[in-house]
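The values are calculated or read from the model by the stated rules, or taken from the named source; none is laboratory data. The structure presented is a predicted model; accordingly, all values stated were derived computationally and were not measured. Counting neighbours? That spans all protein chains shown, and the Cβs are built from the backbone with ideal geometry, glycine included.
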Amino acid sequence: MQPFAIITYILIIVNVIVSIKGFRESSFLDRYSFRVDDVLVKKEYYRLVTAGFLHIGWMHLILNMIVLYLFSGVLNMLVLYLPTMSVDIYLGSLAFVIIYFAGLVGGNLLALFIHRLHGDYSAVGASGAVCGIIFASIALFPGLQVGLLLLPFKVPGWLFGFVYIVYSIYGIRSQIDNIGHEAHLGGALVGMYTAIACYPHVALSNFVTIAVITGPAILFIYIIVTRPHVLFVDNFYFKHHHNATIDDRYNLAKRTEQKEVDDILEKIHQKGINSLSKIEKEKLDNYSKGR
């Protein structure tokens, strides 16, 4: 079995094991999912990575793993068989891992930036990493045709990339569904440019595709940096949050935590320590370690 395939299977297995544990234990899901205030206020930066191995349900998990498997095969083919690549297979495997985790973290960082004032925003899923792999494939393979699930036809990679980027931008602005479009967009762009950094010659051989995909994304990012007030549109699915500074949210989080601990201690005083639930014991233990 080729190293590329081994890495893909390992990633899939880890995703499945971690996701199943999250399905069964809500406390585990809460502890490792991506949450804006937990990252910015509590400085739990590990969530930028761990959230990428959790999923909200079987369909979410299965779809991501199928797409990961299919496009990892595309990248494997590129490294092994395209003479223009001319790289060692182990270097190709390392690049694959770098692209995967760059897309994962890049997607969550864009979501963190866009929702930095929305302390209650949370997300899970490997979509950012998977989008990174997809767009890396599009960038590295000029003639790539992308097949859409359940549809009997394929579209040129540049067209798929352009439509997907535009749709992600629309999804971020309108918040019309429960999909993490921010992670998709960030993962796609970071994955694509990580692939270009690994194989710089594709910037010339596939310049048109890269430019078509990059253009609307760069324009959108410029707008959200310079004019953040136009980012979200109030609609049935999304209403602007009440903005608060990080210090405000930190103080609120500390007060909430203290209140929970006080309630637990009062419960111990009245009913004894054996009356605590597993989650309450974990909260008390985490509080003690923090102190």
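So the values come out like this:
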{"item": "Residues of the range 86-103 satisfying the condition of being modelled with pLDDT under 65 and either closer than 14 Å to Ser137 by Cα or outside any helix (DSSP H, G or I) (or both)", "result": "Ser86, Val87, Asp88"}
{"item": "The range 43-70 residues that are outside the structural domain of Ile133 (by TED's automatic domain parsing) and modelled with pLDDT under 90, paired with ones that are surrounded by fewer than 16 Cβ atoms within 10 Å (Cβ to Cβ) and not hydroxyl-bearing (Ser, Thr, Tyr) (beta carbon under 9 Å, 6 or more apart)", "result": "none"}
{"item": "Residues of the range 106-133 classified as within 10 Å of the chain's Cα centre (by Cα) and surrounded by fewer than 19 Cβ atoms within 10 Å (Cβ to Cβ), total", "result": "1"}
{"item": "Residue count for the range 124-143, restricted to those that are over 14 Å from Val208 (Cα atoms) and outside any helix (DSSP H, G or I)", "result": "3"}
{"item": "Checking His242 against (1) assigned to a loop (DSSP other than H, G, I, E, B); (2) loosely packed, with under 14 Cβ neighbours inside 10 Å; (3) modelled with pLDDT of 75 or more, the condition it does not meet", "result": "(3)"}
{"item": "Residue list for the range 192-212, restricted to those being surrounded by fewer than 17 Cβ atoms within 10 Å (Cβ to Cβ) and either outside the structural domain of Ala95 (by TED's automatic domain parsing) or of a type in the set (S, T, N, Q) (or both)", "result": "Ser205"}
{"item": "Tally, over the range 246-284, of residues that are of a type in the set (Ser, Thr, Tyr) and modelled with pLDDT of 80 or more", "result": "2"}
{"item": "Gly147 of a type in the set (Gly, Ala, Ser), surrounded by fewer than 16 Cβ atoms within 10 Å (Cβ to Cβ) and at pLDDT below 80", "result": "yes"}
{"item": "Which numbered condition Ile210 misses (of (1) of a type in the set (A, V, I, L, M); (2) closer than 21 Å to Leu109 by Cα; (3) modelled with pLDDT of 75 or more)", "result": "(2)"}
{"item": "Hey, Lys21 in the same structural domain as Leu109 (by TED's automatic domain parsing) and at pLDDT below 90 or not", "result": "no"}
